[in-house]
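Before any comments, here is the structure.
The values are calculated or read from the model by the stated rules, or taken from the named source; none is laboratory data. From a predicted model like this one, the values you see are computed outputs, not experimental measurements. We place every Cβ from the backbone using ideal geometry, glycine too, and count neighbours over all the protein chains shown. Ligands, DNA and RNA are stripped out before the accessible areas are found, and what is left, the full protein with its side chains, is counted by its heavy atoms. Shrake-Rupley method; radii C 1.70, N 1.55, O 1.52, S 1.80 Å.
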Amino acid sequence: MSSQIHEDVLPQLAAITIQPDRPLIITDADEVLFHFMEGLEVFLEQQDMFFDWSSFALHGNIRHKKDKEPVDKEQIPTLLNQFFEEHCHTLPAAPGAAEHLELLSKNAQIVVLSNVPPKFAGLRRESLRKNGMDFPLIANIGSKGQVVKHLAQGMKCPVFFIDDIPMNHSSVSKHANHVERVHFIADKRLASLLGPAEHSSVRLDSWPEIHDHIQFILNKGI
Ligand SMILES: [Mg+2]
(Lines give C-alpha, C1' and ligand atoms only; values in the text may rest on other atoms or scores of the structure.)
Protein backbone atom coordinates (compact mmCIF):
# COMPACT_ATOMS: atom_id res chain seq x y z
CA MET A 1 0.00 0.00 0.00
CA SER A 2 1.44 3.35 -1.05
CA SER A 3 2.22 5.79 1.73
CA GLN A 4 1.60 8.76 -0.57
CA ILE A 5 -1.62 10.77 -0.28
CA HIS A 6 -4.18 9.44 -2.79
CA GLU A 7 -5.08 11.90 -5.56
CA ASP A 8 -8.76 11.81 -4.54
CA VAL A 9 -7.82 12.88 -1.01
CA LEU A 10 -5.78 15.95 -1.98
CA PRO A 11 -8.80 18.13 -2.95
CA GLN A 12 -10.50 17.17 0.33
CA LEU A 13 -7.43 18.35 2.25
CA ALA A 14 -7.34 21.57 0.24
CA ALA A 15 -10.95 22.27 1.23
CA ILE A 16 -10.26 22.08 4.97
CA THR A 17 -8.91 25.06 6.90
CA ILE A 18 -6.75 24.16 9.88
CA GLN A 19 -5.90 26.87 12.41
CA PRO A 20 -2.28 26.46 13.55
CA ASP A 21 -2.92 28.05 16.95
CA ARG A 22 -5.75 25.72 18.01
CA PRO A 23 -5.20 22.08 19.08
CA LEU A 24 -6.21 19.52 16.47
CA ILE A 25 -7.90 16.17 17.04
CA ILE A 26 -7.92 13.78 14.07
CA THR A 27 -10.28 10.91 14.74
CA ASP A 28 -11.14 7.73 12.85
CA ALA A 29 -14.83 6.77 12.53
CA ASP A 30 -15.33 2.97 12.33
CA GLU A 31 -14.82 1.37 15.76
CA VAL A 32 -14.01 4.82 17.18
CA LEU A 33 -17.09 7.01 16.59
CA PHE A 34 -19.33 4.20 15.34
CA HIS A 35 -19.83 0.56 16.26
CA PHE A 36 -18.70 -1.00 12.99
CA MET A 37 -18.72 -4.59 14.28
CA GLU A 38 -22.26 -4.39 15.69
CA GLY A 39 -23.52 -3.27 12.29
CA LEU A 40 -21.39 -5.86 10.49
CA GLU A 41 -22.83 -8.67 12.60
CA VAL A 42 -26.38 -7.67 11.64
CA PHE A 43 -25.35 -7.55 7.98
CA LEU A 44 -23.54 -10.91 8.08
CA GLU A 45 -26.58 -12.53 9.66
CA GLN A 46 -28.59 -11.34 6.65
CA GLN A 47 -26.03 -13.01 4.35
CA ASP A 48 -26.07 -16.32 6.29
CA MET A 49 -22.59 -15.56 7.53
CA PHE A 50 -21.05 -14.78 10.93
CA PHE A 51 -17.91 -13.30 12.50
CA ASP A 52 -16.10 -15.83 14.66
CA TRP A 53 -14.25 -13.42 16.99
CA SER A 54 -10.98 -15.34 16.99
CA SER A 55 -8.76 -12.38 16.08
CA PHE A 56 -8.69 -8.69 15.17
CA ALA A 57 -9.10 -9.19 11.41
CA LEU A 58 -11.91 -9.48 8.91
CA HIS A 59 -10.06 -11.93 6.66
CA GLY A 60 -10.46 -15.47 7.96
CA ASN A 61 -13.03 -14.53 10.60
CA ILE A 62 -16.04 -13.98 8.36
CA ARG A 63 -17.53 -17.44 7.85
CA HIS A 64 -20.46 -19.07 6.09
CA LYS A 65 -23.07 -20.40 8.52
CA LYS A 66 -23.77 -23.52 6.48
CA ASP A 67 -20.28 -25.07 6.66
CA LYS A 68 -18.36 -22.70 9.00
CA GLU A 69 -15.84 -22.15 6.19
CA PRO A 70 -14.19 -18.72 5.92
CA VAL A 71 -15.45 -16.47 3.14
CA ASP A 72 -12.93 -16.21 0.28
CA LYS A 73 -10.51 -13.33 0.66
CA GLU A 74 -11.48 -12.11 -2.84
CA GLN A 75 -15.11 -11.81 -1.77
CA ILE A 76 -14.44 -9.54 1.23
CA PRO A 77 -14.14 -6.20 -0.67
CA THR A 78 -17.49 -6.81 -2.45
CA LEU A 79 -19.08 -7.80 0.85
CA LEU A 80 -17.76 -4.68 2.61
CA ASN A 81 -18.94 -2.49 -0.25
CA GLN A 82 -22.45 -3.88 0.14
CA PHE A 83 -22.20 -3.47 3.92
CA PHE A 84 -21.26 0.21 3.66
CA GLU A 85 -23.98 0.84 1.10
CA GLU A 86 -26.68 -0.66 3.30
CA HIS A 87 -25.46 0.08 6.82
CA CYS A 88 -23.01 3.02 6.75
CA HIS A 89 -25.70 5.53 7.73
CA THR A 90 -27.29 3.39 10.45
CA LEU A 91 -24.26 2.24 12.45
CA PRO A 92 -24.80 2.94 16.15
CA ALA A 93 -22.64 5.74 17.60
CA ALA A 94 -20.03 4.75 20.19
CA PRO A 95 -21.24 5.73 23.66
CA GLY A 96 -19.88 9.10 24.80
CA ALA A 97 -18.21 9.97 21.49
CA ALA A 98 -20.50 12.89 20.58
CA GLU A 99 -20.64 14.34 24.11
CA HIS A 100 -16.90 14.21 24.68
CA LEU A 101 -16.03 15.53 21.22
CA GLU A 102 -18.38 18.42 21.85
CA LEU A 103 -16.59 19.16 25.13
CA LEU A 104 -13.18 18.89 23.44
CA SER A 105 -14.32 21.08 20.55
CA LYS A 106 -14.48 24.05 22.94
CA ASN A 107 -10.67 23.97 22.96
CA ALA A 108 -9.78 22.07 19.81
CA GLN A 109 -10.63 21.66 16.14
CA ILE A 110 -11.81 18.21 15.12
CA VAL A 111 -11.41 16.40 11.81
CA VAL A 112 -12.77 12.92 11.05
CA LEU A 113 -10.29 10.86 9.00
CA SER A 114 -12.08 7.71 7.86
CA ASN A 115 -11.25 5.06 5.28
CA VAL A 116 -14.93 4.82 4.38
CA PRO A 117 -15.10 4.23 0.61
CA PRO A 118 -15.38 7.74 -0.90
CA LYS A 119 -18.67 6.97 -2.68
CA PHE A 120 -20.26 6.53 0.76
CA ALA A 121 -18.77 9.71 2.24
CA GLY A 122 -22.14 11.45 1.88
CA LEU A 123 -23.87 8.74 3.94
CA ARG A 124 -21.15 8.99 6.56
CA ARG A 125 -21.49 12.79 6.76
CA GLU A 126 -25.24 12.38 7.20
CA SER A 127 -24.63 9.88 9.98
CA LEU A 128 -22.10 12.12 11.72
CA ARG A 129 -24.60 14.99 11.60
CA LYS A 130 -27.47 12.81 12.83
CA ASN A 131 -25.40 11.63 15.79
CA GLY A 132 -24.26 15.09 16.89
CA MET A 133 -20.76 14.86 15.39
CA ASP A 134 -20.98 17.39 12.58
CA PHE A 135 -17.23 17.72 11.95
CA PRO A 136 -15.35 17.86 8.65
CA LEU A 137 -14.83 14.41 7.13
CA ILE A 138 -11.94 13.26 4.97
CA ALA A 139 -12.75 10.03 3.12
CA ASN A 140 -9.22 8.66 2.94
CA ILE A 141 -7.83 5.94 0.72
CA GLY A 142 -4.80 3.96 1.88
CA SER A 143 -2.51 4.60 4.81
CA LYS A 144 -3.03 7.60 7.07
CA GLY A 145 0.46 8.81 8.02
CA GLN A 146 1.04 11.25 5.17
CA VAL A 147 -2.47 12.67 5.54
CA VAL A 148 -1.94 13.29 9.25
CA LYS A 149 1.45 14.84 8.48
CA HIS A 150 -0.24 17.15 5.97
CA LEU A 151 -2.98 18.17 8.43
CA ALA A 152 -0.45 18.72 11.23
CA GLN A 153 2.06 20.76 9.27
CA GLY A 154 2.66 24.22 10.70
CA MET A 155 0.67 23.44 13.85
CA LYS A 156 1.79 25.39 16.93
CA CYS A 157 -0.49 23.36 19.23
CA PRO A 158 -0.73 19.67 20.13
CA VAL A 159 -2.16 17.27 17.54
CA PHE A 160 -3.97 14.05 18.48
CA PHE A 161 -4.79 10.99 16.38
CA ILE A 162 -7.38 8.40 17.46
CA ASP A 163 -7.73 5.06 15.63
CA ASP A 164 -8.47 1.37 16.28
CA ILE A 165 -6.14 -0.16 13.67
CA PRO A 166 -2.47 -0.72 14.68
CA MET A 167 -1.23 -0.27 11.09
CA ASN A 168 -2.59 3.29 11.08
CA HIS A 169 -0.66 4.10 14.26
CA SER A 170 2.50 2.72 12.66
CA SER A 171 1.94 4.90 9.61
CA VAL A 172 1.34 8.06 11.67
CA SER A 173 4.30 7.24 13.91
CA LYS A 174 6.48 6.98 10.80
CA HIS A 175 5.36 10.21 9.13
CA ALA A 176 4.20 12.44 12.01
CA ASN A 177 5.84 11.11 15.15
CA HIS A 178 5.12 14.24 17.21
CA VAL A 179 1.36 13.53 17.02
CA GLU A 180 -0.10 11.98 20.20
CA ARG A 181 -1.53 8.65 19.06
CA VAL A 182 -4.48 7.22 21.00
CA HIS A 183 -5.32 3.58 20.36
CA PHE A 184 -9.02 2.98 21.01
CA ILE A 185 -11.37 0.16 19.95
CA ALA A 186 -15.00 0.95 20.72
CA ASP A 187 -16.27 -2.65 20.62
CA LYS A 188 -15.38 -4.33 23.93
CA ARG A 189 -15.27 -7.80 22.37
CA LEU A 190 -12.89 -6.65 19.65
CA ALA A 191 -10.84 -4.64 22.17
CA SER A 192 -10.31 -7.78 24.24
CA LEU A 193 -8.66 -9.47 21.23
CA LEU A 194 -5.90 -6.91 20.87
CA GLY A 195 -3.37 -5.25 23.16
CA PRO A 196 -2.03 -1.71 22.73
CA ALA A 197 -0.90 -0.93 19.18
CA GLU A 198 2.90 -1.04 19.09
CA HIS A 199 3.27 2.45 17.64
CA SER A 200 0.54 4.18 19.60
CA SER A 201 1.35 6.59 22.44
CA VAL A 202 -1.39 5.26 24.70
CA ARG A 203 -4.19 2.69 24.72
CA LEU A 204 -7.49 3.93 26.15
CA ASP A 205 -10.81 2.13 26.47
CA SER A 206 -13.59 4.72 26.61
CA TRP A 207 -14.49 8.21 25.42
CA PRO A 208 -14.38 9.68 28.97
CA GLU A 209 -10.77 8.39 29.21
CA ILE A 210 -9.90 9.86 25.81
CA HIS A 211 -11.39 13.20 26.84
CA ASP A 212 -9.46 13.28 30.11
CA HIS A 213 -6.19 12.27 28.45
CA ILE A 214 -6.43 14.96 25.76
CA GLN A 215 -7.59 17.59 28.21
CA PHE A 216 -4.71 16.73 30.58
CA ILE A 217 -2.18 17.28 27.77
CA LEU A 218 -3.88 20.51 26.72
CA ASN A 219 -3.92 21.78 30.33
CA LYS A 220 -0.19 21.04 30.67
CA GLY A 221 0.46 23.37 27.73
CA ILE A 222 -1.30 26.34 29.33
MG1 LIG B 1 -11.47 2.23 12.31
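Can you give the accessible area per residue of the chain, in Å², using a 1.4 Å probe?
Values: 10480 Å² over 222 residues.
Using a 1.4 Å probe on heavy atoms only, each residue of the chain averages 47 Å².
Can you give the Rg to Rh ratio for the chain, taking only C-alpha atoms and Rh from Kirkwood?
Details: Rg = 17.2 Å, Rh = 17.9 Å.
Checking Rg against Rh, the ratio lands at 0.96.
Based on the mean of other beta carbon atoms within 10 Å per residue, what is the order of 130-143, 60-73, most packed first?
Numbers: 130-143: 18.5, 60-73: 13.1.
Top of the packing list down: 130-143, 60-73.
Between Leu13 and Met167, what is the label-to-label distance in nm when each label sits 7 Å out along the Cα-to-Cβ direction?
Distance between label points: 2.0 nm.
Would you kindly state how much longer the chain becomes between Val202 and Glu74 on full extension, computed as 0.36 nm times their sequence separation minus their alpha carbon distance, in nm to one decimal?
42.7 nm
Given Cβ point charges of +1 (Lys, Arg) and -1 (Asp, Glu) and nothing else, what value in debye, to the nearest 20, does the dipole of region 36-89 about its Cα centre take? Each step should come with its number before you reach the end.
Working: 5 positive and 11 negative charges, 32 e Å.
For region 36-89, the charge dipole is close to 160 debye.
Using per-residue counts of other Cβ atoms within 10 Å, averaged over each peptide, order 159-165, 213-219, 111-117 from highest down. List each step's numbers first, then the result.
Numbers: 159-165: 24.6, 213-219: 15.1, 111-117: 21.3.
Going by the mean number of other Cβ atoms within 10 Å, highest first, we get 159-165, 111-117, 213-219.
To the nearest 10 degrees, how steep is helix 207-220 against the longest Cα principal axis of the chain, on a 0 to 90 scale?
With both axes taken from Cα atoms, the answer is about 20 degrees.
What fraction of the DSSP beta bridges in the chain is antiparallel, stated in percent and rounded to the nearest 5?
Bridges in the chain that DSSP calls antiparallel: roughly 20 percent.
Of all accessible surface on the chain at a 1.4 Å probe, what whole percent is carbon and sulfur? All intermediate terms of the calculation are to be shown ahead of the outcome.
Details: 5580 of 10480 Å².
That fraction is 53 percent.
Modelling each spin label as a point 7 Å along the Cα-to-Cβ direction, I'd like the Ser54/His6 distance in nm, to one decimal.
Between Ser54 and His6, the simple spin-label model gives 3.0 nm.
Angle between the Cα long axis of helix 36-46 and the longest principal axis of the chain, 0 to 90 degrees, nearest 10?
20 degrees
Taking only DSSP H segments of four or more residues, each worth -39500 (n - 2.57), what value at 222 nm results for the chain once the sum is divided by all its residues, to the nearest 500 deg cm²/dmol?
On the way: 9 runs with 82 residues, N = 222.
Helix-only estimate at 222 nm: -10500 deg cm²/dmol.
Restricting to lysines 8 or more places apart or on different chains, can you count the pairs in the chain with Cα atoms under 25 Å from each other?
Lysine pairs, 8 or more places apart or on different chains, close enough: 20.
How many angstrom lie between the Cα centre of region 57-86 and the Cα centre of region 152-219?
Cα centroid to Cα centroid, the span is 28 Å.
Once ligands and nucleic acids are excluded and a 1.4 Å probe is used, how much of Glu74 is accessible, expressed in Å² to the nearest 10?
Near enough 140 Å² of accessible area.
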